[in-house]
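Right, one structure below, let's go through it.
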């Protein structure tokens, strides 16, 4: 086992969004320095980093120069080119490793890995052509979801197919292949398990988190969650198995469907801190971001004990349609924490921040965080925003 990378060292982050920002905050608190590289300036991560390098990910000379200034490398989203991480890894440890990134940044590779390894997944077929899609429909059935194999997130790059007549429209909307075709799952709920694994193979997790999506974007996460007997343990066991098969060092999230008949299916993997784990920043002894830092630096992993039930809601750019949201109103809820990411341009569907509520029960936390978010909607907006939390949620 290599020597730990101790406070005072420099952590390099490829990517510069909100996940890198929260990792940087955790790192700065523990005495590390942060350098970030992305194609953009004045980014969420760059605003709190010691150095912000603006360069394209395929500018390998810039990546190599960046890597000479850091002690360990990680990344904050999985669409970083594998060649970029490979170039950096010639100079410093890259964690999670290149193989993890290679598998998880392509849905077809990811699904094939999961299926070959014996993990439960939705019926799927890889497709290279329109004829492949039509043939795949015969195997997976209808309705089905057609997804681009790469570069998809927050519902982007996917289209629901209800009949063969939808195939042309699907290709026009999401673009050319390769694709992956999946059965549409009749799920009872969506869950995620965020875990972390250190250099020695030690594994910790935050238990099952229940998630609700709206317009394919994560809207609400709640923990802890009451599940049928054995489901929570099974979700954690599957997560640990995936970590070990991939030899992950760092944080990874496994997203699950829990079907109506009580079966768990792995939906997607995210080899980084995850939106559903944001509540750990306030609710747990060690957040997912500090855990990522500890893992990639070879430090002992921290306790994942949750100090309080919690609920998190995303704040999307839709909130700004009527002007600046009323942050003071949300802050009147004393058990609600406000996190804004420093993004300058709000756009519909863009994640601008989140709220987390801590309470005696998950139900109370959910009620409080939804109420706090409801105070942010501008009265100038005509009618109800499509993202306004419904009263029965």
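Farther than 15 Å from residue 210 by Cβ, touching a residue at least 60 places away in the same chain (Cβ under 8 Å) and surrounded by 18 or more Cβ atoms within 10 Å (Cβ to Cβ): is that true of residue 299 in this structure?
So residue 299 fits the description; yes.
Identify the single condition in (1) closer than 20 Å to residue 180 by Cβ; (2) at pLDDT 95 or above; (3) in a helix (DSSP H, G or I) that residue 66 does not satisfy, given that it satisfies every other one.
Evaluating residue 66 over (1) closer than 20 Å to residue 180 by Cβ; (2) at pLDDT 95 or above; (3) in a helix (DSSP H, G or I) leaves (1) as the failure.
Please go through (1) in the same structural domain as residue 355 (by TED's automatic domain parsing); (2) within 28 Å of residue 101 (Cβ to Cβ); (3) surrounded by 17 or more Cβ atoms within 10 Å (Cβ to Cβ) for residue 159 and return the number of the only condition it doesn't satisfy.
Only one criterion is unmet by residue 159, namely (1).
Pick from the range 114-128 the residues that are part of a helix (DSSP H, G or I) and without any contact (Cβ under 8 Å) to a residue 24 or more places away in the chain: which of them is surrounded by the most Cβ atoms within 10 Å (Cβ to Cβ)?
Once the filter is applied, the top-ranked residue is 115.
Quick one: how many residues across the range 188-206 are touching a strand residue (DSSP E or B) at 6+ places or on another chain (Cβ under 6 Å) and either over 21 Å from residue 260 (Cβ atoms) or crowded, with 17+ Cβ neighbours inside 10 Å (or both)?
Residues in the range 188-206 being touching a strand residue (DSSP E or B) at 6+ places or on another chain (Cβ under 6 Å) and either over 21 Å from residue 260 (Cβ atoms) or crowded, with 17+ Cβ neighbours inside 10 Å (or both): 12 in total.
Taking the range 333-359, which residues are in a strand (DSSP E or B) and in contact (Cβ under 8 Å) with a residue 24 or more places away in the chain?
Of everything in the range 333-359, those that are in a strand (DSSP E or B) and in contact (Cβ under 8 Å) with a residue 24 or more places away in the chain turn out to be 336, 337, 339, 340, 351, 352, 353, 354, 355, 356, 357, 358.
Would you confirm, using the coordinates I've provided, whether residue 209 is in contact with a strand residue (DSSP E or B) (Cβ under 9 Å, 6 or more places away or on another chain), more than 25 Å from residue 94 (Cβ to Cβ) and part of a strand (DSSP E or B)?
In short, yes.
So how many residues does the range 314-332 have that are closer than 26 Å to residue 28 by Cβ and either outside any loop (DSSP other than H, G, I, E, B) or in the same structural domain as residue 43 (by TED's automatic domain parsing) (or both)?
Number satisfying all stated conditions: 4.
If you go through the range 66-97 one residue at a time, how many are without any contact (Cβ under 8 Å) to a residue 24 or more places away in the chain and either crowded, with 23+ Cβ neighbours inside 10 Å or touching a strand residue (DSSP E or B) at 6+ places or on another chain (Cβ under 6 Å) (or both)?
Residues that pass the stated criteria total 1.
Looking only at the range 257-290, count every residue that is farther than 30 Å from residue 183 by Cα, out of contact with any helix residue (DSSP H, G or I) (no Cβ under 8 Å at 6 or more places or on another chain) and not in a loop (DSSP other than H, G, I, E, B) and tell me the total.
Residues in the range 257-290 being farther than 30 Å from residue 183 by Cα, out of contact with any helix residue (DSSP H, G or I) (no Cβ under 8 Å at 6 or more places or on another chain) and not in a loop (DSSP other than H, G, I, E, B): 3 in total.
So, residue 28, is that one part of a helix (DSSP H, G or I) and either loosely packed, with under 14 Cβ neighbours inside 10 Å or free of Cβ contacts under 8 Å to residues at least 24 places away in the same chain (or both) or not?
The answer is yes for residue 28.
What pairs come out if I take residues in the range 166-189 that are touching a residue at least 24 places away in the same chain (Cβ under 8 Å) and pair them with residues that are in a strand (DSSP E or B) and surrounded by fewer than 17 Cβ atoms within 10 Å (Cβ to Cβ) whose C-beta lies under 6 Å away, six or more apart or interchain?
Correct list of pairs: 187/259.
Being modelled with pLDDT under 95, under 30 Å from residue 290 (Cβ atoms) and part of a helix (DSSP H, G or I), is that true of even one residue in the range 73-81?
no
Checking residue 239 against (1) in contact with a strand residue (DSSP E or B) (Cβ under 6 Å, 6 or more places away or on another chain); (2) free of Cβ contacts under 8 Å to residues at least 40 places away in the same chain; (3) under 23 Å from residue 110 (Cβ atoms), which test does it fail?
Single failed check for residue 239: (2).
For residue 134, state whether it is assigned by TED's automatic domain parsing to the domain that holds residue 268 and either at pLDDT 95 or above or over 30 Å from residue 81 (Cβ atoms) (or both).
Taking the combined requirement at face value, the residue does not satisfy it.
The values are calculated or read from the model by the stated rules, or taken from the named source; none is laboratory data. Here the structure is a predicted model, which means the values were calculated and not measured. Quick reminder, even Gly has a Cβ in these numbers, built from the backbone with ideal geometry, and neighbours come from all protein chains shown.
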